[in-house]
Amino acid sequence: MVLQNFEELTCHSKVTTQFRRVESVIDMNPSVGGDITLKTECTLSFKKDDMISRYLPLQKEVSLQVDLVRKYCYRLCEEFTRAKTIAFLENLEKDFACKNLKYISRDEKKAYTVDCLEMYFLFLETEEYITSQNVKNLANVFKQMDLLNLHDEFTDLQDKISKKEAARCLCTPKYNVDRTPHEFYRSSSSKEAEELSETEENSVESIADVYDINPKCPGLLLIINNEYFHTESRKEYQNKLAKTDFKLENRNGSQADKTRLEETFRRLGFDIVSEDNLIHVEMLKVLLRTVKKFQHSCLVVAILSHGDQGIVYGANSVSLEITEIQRIVCDKGLSGKPKVLLLQACQGSDCQKINGDDWYQTDSPKKYTPPRTTDLLTFRATISGYSAVRHVVHGTWFIQNFCKAIEEYPNDHIQEICTKVIAEVSRKTWGEKCMVPLMETTFTKRLYLKMI
């Protein structure tokens, strides 16, 4: 089901959401608990304990890898009963009406169920009803529901956010243009100087939370655009050919994605390298050469091709493991630098359903293991097991909306941008089919891409 897969993605705590279903089954039949947990871990390619220890989804006091507001919202999804969820959504809709805001339409509600509260929170974030700096609206809704404990909890959260934001805004001292910092301190009262000094000390933590991007060489974009395909004839590669009785179709419309990426990242000041129709060996060589010569602040690699679960295909229809690409991109020479991997390729042959026309096609013809590296964000056009939709003239939903979001939200960091892309793409339909992108990240800081 699309909604089940979508639920696994939202609120950045997608991992434990799947186990919530498993645990509900275990509660009803404890004797099968071990088998279900084991099967689920095998299917999703991770261990529950490992993910909980990494993301700490239910510990609101800790927010290292997950946005604090999303963590609070995720806890609501975990703790709300069905009755409380229904009451919450009813009050939410009333609050939208009072504020003259556009709520979910009647047609859109068909894709939103009470059991998938995470989707509603994703909608609220997309509409900026809640943000990483503002949860006042939620606090007011809880007050209207007489949920005073939650009202107080989210009010305290807002106070905490406001104090942090105030400190961040004071990170850079506002000196007079005709005086040096030393002169400013000397002319200030001792109390002013002491407060400013304390602010500068606190700002170190905020600055340390953001990747350092040199405006003179902000980044490099490498595009590997495989649009035309043939079938490799060499015997040593036969076992890695696409599992299909037919030749992989040409990816009409891919040129539109390539052009869009070039235009967008050129506006970001990135240097751009584009390669077309590379066989799998050439793809590896280009990646290795790019990493070896890399001298920028940030690396973005966009691979536009056919794919399947955990793999992408070269122009010769030979598969290449995504984990191998991630391993190359995470070379020790790029340690500490942000790396973004954009994968416009199917991760299976099924389409997520919500009948089609000839203007849309899919990019489909191992089990995936998350990278054990830091500072890498992998953004996939679709979740494992499903196809990615591509318009034969205008390009893909994924790439087109990603570039659009970068241009429309210049003050957002890349993870916020990816969240907006997930929300926007997941709303699109092609007949009864839809698509949900997937973001996986081991970023240790925030990455901002600024237009020049």
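The values are calculated or read from the model by the stated rules, or taken from the named source; none is laboratory data. Source: prediction; values computed, not measured. Cβ placement follows ideal geometry from the backbone for every residue including glycine, while neighbour counts extend to all protein chains displayed.
Tabulated data
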| read-out | value |
| --- | --- |
| Number of positions in region 134-163 that are in contact with a Leu (Cβ under 7 Å, 6 or more places away or on another chain) and assigned to a helix (DSSP H, G or I) | 3 |
| Filter pass, Leu261 being part of a helix (DSSP H, G or I), in the same structural domain as Ile406 (by TED's automatic domain parsing) and surrounded by 17 or more Cβ atoms within 10 Å (Cβ to Cβ) | yes |
| Residues being buried (at least 18 other Cβ atoms within 10 Å of the Cβ), of a type outside the set (A, V, I, L, M) and assigned to a helix (DSSP H, G or I) - total across region 99-122 | 3 |
| Any hit, region 296-314, residues being over 22 Å from the mean Cα position of the chain (by Cα), surrounded by fewer than 16 Cβ atoms within 10 Å (Cβ to Cβ), in the same structural domain as Ile399 (by TED's automatic domain parsing) and assigned to a loop (DSSP other than H, G, I, E, B) | no |
| Pairs, first in the same structural domain as Ile130 (by TED's automatic domain parsing) in region 90-109, second among the β-branched types (Val, Ile, Thr) and surrounded by 11 or more Cβ atoms within 10 Å (Cβ to Cβ), C-beta under 9 Å, six or more apart | Asn91/Val141; Leu92/Val141; Glu93/Ile104; Lys94/Val141; Asp95/Val141; Phe96/Ile104 |
| Cβ-Cβ under 7 Å pairs, at least 6 apart or on other chains, region 114-127 side outside the structural domain of Thr419 (by TED's automatic domain parsing), far side among the basic types (Lys, Arg) and at pLDDT 90 or above | Val114/Arg82; Thr126/Lys420 |
| Failed item in (1) in contact with a Leu (Cβ under 9 Å, 6 or more places away or on another chain); (2) among the hydrophobic types (A, V, I, L, M, F, W, C); (3) over 21 Å from Asn411 (Cα atoms); (4) in a helix (DSSP H, G or I), with Ile272 passing the rest | (4) |
| Pair list, Cβ under 9 Å, 6 or more apart: region 271-297 residue closer than 19 Å to Arg234 by Cα, other residue among the acidic types (Asp, Glu) | Asn277/Glu227; Ile279/Glu232; His280/Glu232; Glu282/Glu275; Met283/Glu275; Leu284/Glu324 |
| Single condition Phe142 does not satisfy, out of (1) buried (at least 17 other Cβ atoms within 10 Å of the Cβ); (2) within 21 Å of Asn411 (Cβ to Cβ) | (2) |
| Qualifying position, being among the β-branched types (Val, Ile, Thr) and at pLDDT 90 or above, among Ile417, Ile452 | Ile417 |
| Residues being within 23 Å of Thr442 (Cβ to Cβ), modelled with pLDDT of 80 or more and touching a helix residue (DSSP H, G or I) at 6+ places or on another chain (Cβ under 7 Å) - total across region 379-412 | 8 |
